[in-house]
Amino acid sequence: MNVKIDKDLCTACGLCADTCPEVFEMGEDVAVVKVNPVPVEYEEKVKEAASNCPTEAIKIE
Ligand code: SF4
């Protein structure tokens, strides 16, 4: 699983980094992905973060 963040949609709310800090962290202006492909053990948390993102900025590929 690969994940990316649409910089145009992210509002830097921080929810994804709270949900799965192993994969997401807050950058200067938007959240950034620390590791791709996502380790299998974090896939469920990444899916949860994606479905909870208020702007649907997290894209799972
Ligand atoms: S949850 Fe969505 S809007 Fe919030 S920081 Fe993460 S990617 Fe950005």
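For the range 3-60, the dipole from Cβ point charges (+1 on Lys and Arg, -1 on Asp and Glu) about the Cα centre works out to 120 debye, to the nearest 20.
Computed from Cα atoms, the angle from the helix 43-52 axis to the main principal axis of the chain rounds to 30 degrees.
Hand me the tally of lysine pairs in the range 3-60: alpha carbons under 13 angstrom apart, and the pair either on different chains or 8 or more positions apart. All intermediate terms of the calculation are to be shown ahead of the outcome.
On the way: LYS4/LYS34; LYS4/LYS47; LYS4/LYS59; LYS7/LYS59; LYS47/LYS59.
Taking the range 3-60 as the scope, the lysine pair count is 5.
Here is how the number arises for the chain: DSSP H runs of 4 or more residues each give -39500 (n - 2.57), the sum is divided by the residue count, and the result at 222 nm is -6500 deg cm²/dmol.
If packing is taken as the average number of other Cβ atoms within 10 Å across a peptide's residues, how do 17-23, 34-40, 1-7 rank, most packed first?
Details: 17-23: 17.7, 34-40: 12.4, 1-7: 15.0.
By packing density, highest mean first, the sequence is 17-23, 1-7, 34-40.
With contacts taken as Cα pairs under 8 Å and at least 6 residues apart, the chain reaches a relative contact order of 47 percent.
With the Cα gyration tensor of the chain in hand, convert its eigenvalues to equivalent ellipsoid semi-axes via √(5λ) and list them largest first in whole Å.
Details: eigenvalues 52, 25, 22 Å².
Each semi-axis is the square root of five times an eigenvalue, giving 16, 11, 11 Å.
We did not get these values from a lab; they are worked out from the coordinates using the rules stated. What you see is a predicted model, and the numbers here were worked out from it, not measured in a lab. Cβ sites come from the backbone with ideal geometry, for glycine too, and all protein chains shown count toward neighbours.
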